[in-house]
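Shown next, in structure tokens, is the structure this report addresses.
The values are calculated or read from the model by the stated rules, or taken from the named source; none is laboratory data. On a predicted model such as this, the values are computed, not experimentally measured, just so you know. Virtual Cβ from ideal backbone geometry, glycine too; neighbours counted across all protein chains shown. In case anyone asks, the SASA skips ligands and DNA or RNA and just uses the protein heavy atoms, side chains included. Shrake-Rupley method; radii C 1.70, N 1.55, O 1.52, S 1.80 Å.
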Amino acid sequence: MCGLTGILPRSGSKGSLPGILDRMTASLVHRGPDASGAWYDESAGIALGHRRLSILDLSEAGAQPMHSRCGRFVTAFNGEIYNHLELRERLAAEGMAPQWRGHSDTETLLAAIAAWGLDATLERSSGMFAIALWDRERRRLSLARDRMGEKPLYWGWAGEDIVFASELKALRAHPQCSSAMSHAAVQEFIGFSYVPAPLSILEGVFKLEPGTIVDFGETPPAAPPRAPLRPGESHGTVTVRRYWDLGSVVDHGLRAPLTDRNEALDTLEATLRDAVSRQMLSDVPLGAFLSGGIDSSLITALMQSVSSAPVRSFTIGFEQQEFNEAPHAAAVAAHLGTDHTELTVTDADARAVIPLLPDMYDEPFADSSQIPTHLVCKAARAHVTVALSGDGGDELFGGYNRYLWGPRLWSRIALMPPVVRRALGGTIEHAPQRLWDFAGALAGVNRPAEKALKLGRRLGQANSPDAFYRSLLTEWNGTRLTRFDPQASALPVDDPVPAGLAGDFAGRMMLRDMRGYLPDDILCKVDRAAMAVSLETRVPFLDPDVIALSARWPTDWKLHGGEAKWPLRQILFRHVPRSLIERPKAGFAIPIGHWLRGPLREWAEDLLQADRLAADGLIDPVPVRAAWHAHLSGKADWTPALWSILMLQAWRDRWT
């Protein structure tokens with residue numbers, strides 16, 4: 001795992017490139033503390049920088065930027081190619097293998113590109129990556145990102161220069177990088193609590209979407225496009241294209257559904273075990289996150305099944321038992337026989353992370369589980385350099401509760417006139433929090449007031465199932481917070497959904513979560529939280545073979561008998577007793593809402609002052625202040641919505 005950056009200058013800044021690149025590269029030291037590298041082509045002006053976290057081939061043979069054996073290609077590469085040894089065998093069988101200098105996957109990648117080309121190499125590669133590739137023969141720069149967006153890659157303009165990097169802070173080190181906020185990004189962030197690709201928080205800078213490549217021909221335009229480029233679009237000599245399409249994979253799976261459930265379970269377990277085994281390849285200590293939930297427990301169990309020694313597993317515990325999953329993780333670890341480490345953190349430990357978040361995430365990001373995620377990464381990094389996680393299981397196999405109750409609820413509210421929906425929503429929204437707490441205790445539901453308020457705000461807003469799904473993901477639903485035209489800031493329309501999902505609301509939600517929520521929230525959260533402490537994380541559920549197989553599982557099998565993630569449960573119960581797993585889904589939560597009424601109140605009040613909210617004409621303070629007072633009074637739980645505004649304000653304090 002590493003950090004990359006670079007500059008493709010358009011005009012007369014070539015003489016200053018080394019100094020600028022050094023500053024950009026140095027800003028990524030946390031992503032690669034083991035070594036730093038830089039390469040320049042003075043004739044073309046291209047500059048590549050790299051910070052290295054050594055995982056495979058710890059010798060100088062793995063140093064970057066790296067040249068292909070033929071001398072044509074130069075790359076700065078962030079990530080891992082898990083099947084790189086298989087690619088070496090394939091190159092040898094075709095008589096196209098070079099004389100290897102070492103055993104790094106970067107060297108394999110370059111040899112494969114020299115033999116097969118970039119697109120074919122990426123199609124044959126199983127891994128997570130962000131790649132900057134310079135073709136010296138064609139004088140062409142290409143940037144590529146992995147299929148599901150595990151590794152970040154930003155690109156855009158700094159003055160007239162093309163710049164790119166693993167994180168925004170590297171681009172900010174360029175003296176001409178814009179500090180202007182994208183209104184479209186602010187609009188989307190306030191809704192979703194993250195900035196969705198291809199937007200970034202900065203004007204003229206974009207996130208490369210998962211599964212895509214952006215190519216830069218000679219003399220790129222001097223200024224960015226007015227709107228982010230989507231695959232198939234171009235701006236002068238800059239073009240974006242897909243090399244892999246999730247929708248096509250899902251469509252293919254729908255056309256070849258599995259028909260024998262028991263056989264399907266066996267195939268899924270074998271496929272997952274193979275993915276886990278591939279991702280355990282490492283020249284440095286490796287472990288696993290273990291929360292005691294279904295996904296992390298299954299990944300840890302499969303790791304232990306292919307390991308000759310106890311797997312290192314890690315969890316954190318919290319003082320408040322409502323949020324403490326550590327005893328469940330310890331029970332699973334004991335059953336599996338892992339070498340388990342549990343770190344109990346105090347509320348003060350968790351709150352101490354909050355001032356670090358604007359630097360850690362570079363742009364506004366408001367999934368509050370970012371805090372415990374960083375803490376468990378920090379705990380693991382004291383012992384290992386690589387950790388496998390269970391992320392992706394929810395999106396691929398139906399783990400979120402909305403997949404179960406969303407279709408049922410929509411089928412009922414769709415029959416109600418809008419006026420009735422709005423009245424019901426208002427009743428739910430204004431019910432006292434203590435009522436929902438009491439009902440939640442009876443029903444065994446975690447954070448019932450938060451969930452009830454979220455539902456109440458959405459009932460009157462949606463006029464279709466897909467609009468209803470979007471409302472389930474958004475905060476401040478139906479409230480106009482920004483002082484600019486939201487329609488002028490809207491993202492392009494969603495990518496097409498396969499025809500086979502037309503009558504499958506839950507299946508459409510899963511696909512859209514895989515396209516948006518998974519890469520832009522979940523994977524972003526884990527990448528930044530882990531790389532802040534130089535920890536590499538790997539996600540076996542996002543192996544291409546697992547994704548393709550999940551697409552063949554019918555939705556009603558994934559949600560069989562009203563059980564979320566039914567296939568993963570059945571496989572896990574082959575390794576861990578059901579009694580250690582069966583309990584309500586808790587998530588990775590901390591008591592932010594309580595803290596906002598207590599130890600964080602002064603900090604929040606300062607950030608939510610009306611004049612600070614209204615600075616730059618960005619936010620209308622009236623609805624924010626109303627929500628803040630309602631939250632403080634205990635009449636309603638506005639935690640997620642308020643956290644998004646607080647993270648925006650904290651980011652503005654740090655970066656603007």
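Before moving on, here are some points about what is shown:
- Within the span defined as the stretch 536-550, every residue fails to be closer than 20 Å to Phe189 by Cβ and open to solvent by 40 Å² or more (accessible area, probe 1.4 Å).
- Residue that is farthest from Pro540 (Cα to Cα) [pool: residues in the stretch 272-301 that are surrounded by fewer than 18 Cβ atoms within 10 Å (Cβ to Cβ) and among the hydroxyl-bearing types (Ser, Thr, Tyr)]: Ser282
- The residues of the stretch 42-55 include none that are open to solvent by 10 Å² or more (accessible area, probe 1.4 Å), of a type in the set (A, V, I, L, M) and under 18 Å from Ser166 (Cβ atoms).
- Residues that are in a strand (DSSP E or B) and hydrophobic (A, V, I, L, M, F, W, C) within the stretch 332-347 comprise Leu343, Val345, listed in sequence order.
- Residue match in the stretch 383-391 (condition: in a helix (DSSP H, G or I) and modelled with pLDDT of 95 or more): no
- Any pair with Cβ under 6 angstrom, 6 or more apart, that starts in the stretch 624-645 at a residue that is within 17 Å of Pro591 (Cα to Cα) and ends at one that is hydroxyl-bearing (Ser, Thr, Tyr) and buried (at least 20 other Cβ atoms within 10 Å of the Cβ): Trp643/Ser368; Ser644/Ser193
- Residues (in contact with a Cys (Cβ under 8 Å, 6 or more places away or on another chain) and either under 18 Å from Ala63 (Cα atoms) or among the polar types (S, T, N, Q) (or both)) located in the stretch 97-120: Pro98
- Restricted to the stretch 457-468, and to residues there that are crowded, with 22+ Cβ neighbours inside 10 Å and within 26 Å of the chain's Cα centre (by Cα), the residue that is modelled with the highest pLDDT is Phe468.
- Residues of the stretch 173-207 that are under 18 Å from Arg226 (Cα atoms) and out of contact with any Gly (no Cβ under 9 Å at 6 or more places or on another chain): Ser179, Met181, His183, Ala184, Ala185, Val186, Gln187, Glu188, Val195, Pro198, Leu199, Ile201.
- Being open to solvent by less than 30 Å² (accessible area, probe 1.4 Å) and either at pLDDT 95 or above or of a type in the set (Ser, Thr, Tyr) (or both) is true of Leu607.
- Among (1) free of Cβ contacts under 8 Å to residues at least 40 places away in the same chain; (2) over 26 Å from Ser291 (Cα atoms), the one test that Ser579 misses: (2)
- Applying the set (1) surrounded by fewer than 18 Cβ atoms within 10 Å (Cβ to Cβ); (2) within 17 Å of Ala132 (Cα to Cα); (3) basic (Lys, Arg) to Arg23 leaves exactly one unmet item: (2).
- Of all residues in the stretch 201-227, those that are in contact (Cβ under 8 Å) with a residue 40 or more places away in the chain and closer than 30 Å to Thr121 by Cβ have Cβ atoms under 7 Å from Cβ atoms of residues that are surrounded by fewer than 18 Cβ atoms within 10 Å (Cβ to Cβ) and among the acidic types (Asp, Glu), 6 or more apart or on another chain, in Gly211/Asp245.
- Contact map, the stretch 283-295: first residue modelled with pLDDT of 95 or more, second residue of a type in the set (Asp, Glu) and open to solvent by 30 Å² or more (accessible area, probe 1.4 Å), Cβ cut-off under 8 Å, separation 6 or more or different chains; pairs are Asp295/Asp391.
- In the stretch 126-158, the qualifying residues are those that are in contact with a strand residue (DSSP E or B) (Cβ under 8 Å, 6 or more places away or on another chain) and open to solvent by 20 Å² or more (accessible area, probe 1.4 Å), and the one that is farthest from Ile201 (Cα to Cα) is Arg136.
Here is a yes/no grid of residues against (1) modelled with pLDDT of 95 or more; (2) part of a loop (DSSP other than H, G, I, E, B); (3) more than 25 Å from Trp651 (Cα to Cα):
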{"site": "Pro567", "(1), (2), (3)": "yes, no, yes"}
{"site": "Arg574", "(1), (2), (3)": "yes, yes, yes"}
{"site": "Lys585", "(1), (2), (3)": "no, yes, yes"}
{"site": "Gly593", "(1), (2), (3)": "no, no, no"}
{"site": "Glu602", "(1), (2), (3)": "yes, no, no"}
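- Residues that are crowded, with 23+ Cβ neighbours inside 10 Å and among the aromatic types (Phe, Trp, Tyr), drawn from the stretch 629-656: Trp638
- Qualifying residue in the stretch 552-562 (condition: modelled with pLDDT under 95 and farther than 16 Å from His335 by Cβ): yes
- Qualifying positions in the stretch 632-644 - modelled with pLDDT of 95 or more and in contact with a Leu (Cβ under 7 Å, 6 or more places away or on another chain): Leu642
- Residues located in the stretch 66-81, provided they are open to solvent by less than 20 Å² (accessible area, probe 1.4 Å) and not polar (S, T, N, Q): Met66, Phe73, Val74, Ala76, Phe77, Gly79, Glu80, Ile81
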